[in-house]
């Protein structure tokens, strides 16, 4: 029988402003800049702030105060501090203080590619753009191919082979598959592709166009002068005995090839000098670089954190448009009212984003102060909850504020997550970080006798002697993460 029932239920609803605040916080610096550019292109109430930062150590920094927090610009200084994340993640206020004048360890505009300031030229061009970049693998091979007198069909097949190479310079596809994917009349044969491949292999560096590691190394050995010491033995090794060489089976290699111990030693040394990835010699088509979100500097005895001016928002409300719109009749009911509100939300949420990143970075630096003095070996165990409890934020907010965020330090650029190593126990009942253990392993391996390298069991015992209790499989895992081969492969005769 139909009935009516009344129930009460609580649920969390995210307003559009809170959704935007959460989304902006978890973006990387490059994604945030793209988001800002999109808003500038689509919202008439936003305009680009072309004012340059003050010519001090950092833009917007008042020297002499020394509190370690950046000063907000006029664009976002009016941002109301009442924006809270959906999980109650951000405090009600975000203080903005000055900083000490800092030494010039880093450029003021730390964007990873240099500042793009105008130099007064009429066209505003950057002289650095005139320099020719290093040609890519395919560009170099195409340039070399132009020197050969070929008919149209042969040239087209050679170009197809060049385009099929991967970034390491290898041809990973089978010739039969390539022949089926080319639309030529008459139909392309594997023999034609093989001839074109031999031509491509001779265009530039030896080893390009190889279909396997053995062929790559063999091409390089064959390109050596005929009187090169150990050339013939090296050719036999790379063509038939690479696995034995990797396993350091010196006696078996000597027996199979039929050479003396000295000839084998010279040939092995020759093979180790070969390049297994010849394509890496050339430039890459894409640019992979990191723009740090914060910059850490040492000022006297303190470590000071500042937001990188290169990633700060260069947007502000267009005052004239906003004033004209406010004076118009029926402004509150116009669709433009929503765009004006969204522009204000973006400015405020952007400031909230940088305030949160600033506070999290300062907390990380305070906890890991020893790292900046002594390096990886001094990293302390830390989890997100440690920072969340200290700042009074939710743990999920710390996760968003540390994801895809980078910190530029005198020791290099590190992701925020790098400062949260796993905790390991010690013999005395204390703790140490997994990063410190890896640093210890790196030092031990670097100081080992190359003729008698340290095994994983020996490394585990040496760590135990220093009070760090780890299993052999843990040592093997850390060694693998550091891309260090096993002891058998590190042995040098």
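The values are calculated or read from the model by the stated rules, or taken from the named source; none is laboratory data. Quick caveat, the model's predicted, so the values are computed rather than measured. Backbone-built Cβ (ideal geometry, glycine too); neighbour counts: all protein chains shown.
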The residue from 310, 306 that alone is out of contact with any strand residue (DSSP E or B) (no Cβ under 7 Å at 6 or more places or on another chain), assigned by TED's automatic domain parsing to the domain that holds residue 404 and either part of a strand (DSSP E or B) or closer than 17 Å to residue 350 by Cβ (or both) is 310
Would the range 413-428 turn up any residue that is crowded, with 18+ Cβ neighbours inside 10 Å and under 30 Å from residue 262 (Cα atoms)?
no
Could we say that residue 296 is buried (at least 20 other Cβ atoms within 10 Å of the Cβ), in contact with a helix residue (DSSP H, G or I) (Cβ under 8 Å, 6 or more places away or on another chain) and at pLDDT 90 or above here?
yes
Here is a list of conditions, (1) modelled with pLDDT of 80 or more; (2) surrounded by 12 or more Cβ atoms within 10 Å (Cβ to Cβ); (3) farther than 16 Å from residue 439 by Cα, and residue 473 meets all of them except one; can you say which number that is?
(2)
Can you tell me which residue among 385, 359, 400 is at pLDDT 90 or above, assigned to a helix (DSSP H, G or I), within 18 Å of the chain's Cα centre (by Cα) and under 24 Å from residue 28 (Cα atoms)?
400
Does residue 423 qualify as being modelled with pLDDT under 90, more than 30 Å from residue 491 (Cα to Cα) and touching a strand residue (DSSP E or B) at 6+ places or on another chain (Cβ under 8 Å)?
yes
Those residues of the range 138-196 that are part of a loop (DSSP other than H, G, I, E, B) and without any contact (Cβ under 8 Å) to a residue 60 or more places away in the chain come to a total of 18
Scan the range 448-455 and tell me whether some residue there is in contact with a strand residue (DSSP E or B) (Cβ under 7 Å, 6 or more places away or on another chain), modelled with pLDDT under 85 and either surrounded by fewer than 16 Cβ atoms within 10 Å (Cβ to Cβ) or in a helix (DSSP H, G or I) (or both).
no
